[in-house]
Amino acid sequence: MTVSLADRLASATAALGPLAQVQRPLADLCTYRVGGPAALFVEANSVATLETVRDVVAEFDLPVLSVGRGSNLLVADSGFDGLVVRLGNDFAGIEVPSADEVAAARTDGGSVRVVAGGAALLPVVARRTVAAGLAGFAWAVGVPGSVGGAVRMNAGGHGADMADSLGEVSVFDLRHGGPEPWSAEALRLGYRHSALEPHHLVLAAAIDLEPGDPESLATELSDIVAWRRANQPGGSNAGSVFANPDGDSAGRLIDAAGLKGFRIGTAEVSTKHANFIQADPDGSADDVAAVMAHVRAVIAERHGIELRIENHLRPATDPDEWTRP
């Protein structure tokens, strides 16, 4: 006899006990600040907790989704009808080489390794590496995501991305595995893409950087922060919505189509940067998705280009496919 998802979730709730939160709102965990709840939610601060979650997922065949800082995620108003897992602060550590190690690498012309937990914030890692006199990660100061999420989507900006400096990562498979080392090659990093699936959690990542001039690095970091403030909107959004097509800019195409300020309900194309969609306070995720769909349709009609959505979209069902509006 087939057991319904509702019954499986109920059994999983009992099995997880105090680890699980039921119908946990996800809007406050996503930078759009909209969307529905997770049927079950676990914040994990140890590998032991992740192993318990993995066993429950396997036993009850649950849809599962890993979430970082939600800076590239849109969850439907109906929520996610499965188990959402997020790494807690115990996975946010950052190990930066000592001044002596950096000095030795400067003399030898080599690189040094920074190890950051999957829950570590990219701007924090960027500032820590710049403070240590290390070049190659200042670009991340303007990306409001976690290291784990950045690995998953090969985040980048200002002419650089994770693939430029990423070494080995530790990945936990929430379906049938445990902590395993993945090489950068195994991740198959591409433009805003990797081989990681929704059931994979990045526990830690090694980032290989080279010594640089501390004063120049500090200036670079400040310039990036100033550029972001001047050119990108604040408020509730998830950064660039569409990947740039080859040889062009998604923002330019959307702007040229006259779509800045286009609105459906509680969501609109930013008037400051056309590749951003803003959600109103207490707005609707479905409105955001509807604006995405309209923009894609207009650009396809006027320019013959099918824009690819960078944001990861999650409906209440069908958790194993990226759903595009």
How long is the gain from R113 to R263 if the chain were fully straight, where each residue apart is worth 0.36 nm and the alpha carbon distance is subtracted?
49.5 nm
Consider the candidate values [x] 34, 20, 20; [y] 62, 20, 18; [z] 32, 29, 16; state which one is semi-axes √(5λ) of the Cα gyration tensor in Å computed from the structure displayed.
[z]
Spin-label model distance (nm) - T2 vs A99, 7 Å beyond Cα toward Cβ
6.6 nm
How many times 2.2 N^0.38 Å is the alpha carbon radius of gyration of segment 5-90?
1.02
Compute the distance from the alpha-carbon center of segment 7-51 to that of segment 220-260, in whole Å.
32 Å
Taking the Cβ of A238 as the centre, find all other residues whose Cβ is under 11 Å away and add up their charges (Lys, Arg: +1; Asp, Glu: -1).
+1
Work out how much length D248 to S222 would gain on full extension: take 0.36 nm times their residue separation and subtract the Cα-Cα distance, in nm to one decimal.
6.6 nm
Where the centroid of each part is defined by its Cα atoms, how far is segment 131-189 from segment 90-114 in Å?
17 Å
Residue order, fewest to most beta carbons within 10 Å, for V42, V115
V115, V42
For A186 and E210 in the same chain, what is the full-extension length gain: residue separation times 0.36 nm, less their Cα-Cα distance, in nm?
6.3 nm
Give me L19, L313 ranked fewest to most by other Cβ atoms within 10 Å of their Cβ, as a rough exposure proxy.
L19, L313
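Any read-out appearing in this document is the output of simple, stated calculations on the displayed coordinates, not a laboratory observation. For clarity, every value in this text was computed on a predicted model and none was experimentally measured. With ideal geometry, Cβ positions are generated from the backbone for all residues, glycine too; neighbour counts draw on all protein chains shown.
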